[in-house]
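Derivation of every value follows stated rules applied to the coordinates shown; laboratory data play no part. Every value quoted in this text rests on a predicted model; they were computed, and no experiment measured them. Methodologically, a virtual Cβ is constructed for each residue, glycine included, from the backbone with ideal geometry; neighbour enumeration extends over all protein chains shown.
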Amino acid sequence: MQDTLLRIDNISKIYTSEKEKVEALKGISLDIKKQEILGLLGVNGAGKTTLSAIIATLLKPTSGDIFYNDTSIYKDIISFRRVLGFCPQVQNLDLDLNVNENLIFAGRYYSLSKKQIKNRLEELLEKFDLTRYAKFSLNSLSGGYKQRFMIARTLMHDPKLIIMDEPTVGLDPQLRRLLWKYILDMKKEGKTIILTTHYLDEADILSDRICVIDGGKMKALEKPSELKKVWKSESLEDVFLELIKEKEEKNE
Ligand code: ATP
């Protein structure tokens with residue numbers, strides 16, 4: 001389909017250790033559309049991180065495939081990584097380097113030329129209000145600035161698809177709103193965003209479609225407005241809780 005950027009086809013993931021076997025994903029299939037924000041929701045342990053990590057090529061699925069522009073990403077994973085930006089939680093930062101150095105490193109990692117790195121660096125430092133902190137070590141930045149830096153780093157190589165793992169966790173309401181604006185700006189610039197969040201208000205406001213994962217299966221994939229209409233509720237949080245409850249009842 002023309003407006004499909006990524007097709008996830010029957011992905012399953014089983015973690016095996018000597019002691020146990022955990023079926024984290026049980027056959028997930030969905031299309032991610034060009035320039036959409038897809039909110040990925042689920043309770044703790046539902047399988048969101050596993051799915052994000054598989055799309056980010058950090059983990060291999062046990063079975064299933066992912067197609068980018070109708071070609072399996074596993075045929076040329078390096079090319080796929082060039083169009084992919086992964087914005088993990090702030091904990092995963094290299095705190096020894098300063099802001100500038102970290103961004104230059106990201107540019108080099110993606111084989112950008114010196115000129116491209118310089119231009120991109122200036123552009124992103126300005127956009128995320130980081131210019132005055134360019135020489136600051138990441139350690140010394142506040143949580144809000146760390147998160148701005150994370151987004152800037154993700155955008156260094158101008159990816160088409162961005163995976164964001166709980167980008168506003170622990171931020172005050174004002175900063176959350178600012179991050180929302182950045183996320184919506186990225187969409188306006190043509191990016192496709194997979195947004196993992198536990199904040200239902202955030203998912204409601206930002207997402208074009210919501211994907212609810214529960215127990216490794218997809219429970220819903222719909223526009224937030226449609227979900228609320230079907231469940232006759234004004235709150236996405238209530239819909240989410242109903243969806244989860246539905247499964248618990250079925251399991252009883
Ligand atoms: P959270 O919101 O807490 O981050 P999640 O929805 O991201 O949860 P996952 O982290 O993907 O869920 O975990 C899905 C299931 O797989 C859980 O049962 C979890 O315990 C299990 N799991 C995740 N990583 C591993 C691993 N490396 N080895 C074994 N089991 C794992």
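List of remarks:
- Looking across the range 212-226, the residues that are touching a residue at least 24 places away in the same chain (Cβ under 8 Å) and either among the hydroxyl-bearing types (Ser, Thr, Tyr) or touching a helix residue (DSSP H, G or I) at 6+ places or on another chain (Cβ under 9 Å) (or both) come down to VAL212, ILE213, ASP214, GLY215, GLY216, LYS217, LYS219, PRO224.
- Between LEU171, LEU178, LEU141, the distinction of being farther than 28 Å from ASP3 by Cβ and over 20 Å from the mean Cα position of the chain (by Cα) belongs to LEU141 only.
- Tallying residues that are assigned to a loop (DSSP other than H, G, I, E, B), under 21 Å from PRO159 (Cβ atoms) and out of contact with any Phe, Trp or Tyr (no Cβ under 7 Å at 6 or more places or on another chain) within the range 41-60 yields 3.
- Residue match in the range 166-177 (condition: within 18 Å of PHE86 (Cβ to Cβ), among the β-branched types (Val, Ile, Thr) and crowded, with 22+ Cβ neighbours inside 10 Å): yes
- Residue check, GLU166 within 16 Å of the ligand (Cβ to nearest atom) and on the phi > 0 side of the Ramachandran plot: yes
- Test for ILE205: is it among the hydrophobic types (A, V, I, L, M, F, W, C), surrounded by fewer than 22 Cβ atoms within 10 Å (Cβ to Cβ) and more than 13 Å from the ligand (Cβ to nearest atom): yes
- Candidates are the residues of the range 38-55 that are more than 9 Å from the ligand (Cβ to nearest atom) and within 9 Å of the chain's Cα centre (by Cα); the one that is nearest to GLU166 (Cα to Cα) is GLY39.
- When the range 227-239 is filtered for residues that are buried (at least 16 other Cβ atoms within 10 Å of the Cβ) and under 16 Å from GLY42 (Cα atoms), the ones remaining, listed by number, are LEU227, LEU236, VAL239.
- Candidates ILE162, ILE151, filtered to the one that is under 14 Å from the mean Cα position of the chain (by Cα), more than 22 Å from GLY27 (Cα to Cα), of a type in the set (A, V, I, L, M, F, W, C) and in a helix (DSSP H, G or I): ILE151
- Residues of the range 208-226 that are in a loop (DSSP other than H, G, I, E, B), surrounded by fewer than 19 Cβ atoms within 10 Å (Cβ to Cβ) and within 15 Å of the ligand (Cβ to nearest atom): GLY215 alone.
- When ILE78, ILE32 are screened for being away from the ligand (no atom under 12 Å from the Cβ) and either in contact with a helix residue (DSSP H, G or I) (Cβ under 9 Å, 6 or more places away or on another chain) or outside any helix (DSSP H, G or I) (or both), only ILE32 passes.
- Single unsatisfied condition, LEU195 versus (1) in contact with a Ser or Thr (Cβ under 8 Å, 6 or more places away or on another chain); (2) surrounded by fewer than 21 Cβ atoms within 10 Å (Cβ to Cβ): (2)
- Tally of residues being away from the ligand (no atom under 11 Å from the Cβ) and buried (at least 21 other Cβ atoms within 10 Å of the Cβ) across the range 9-27: 1
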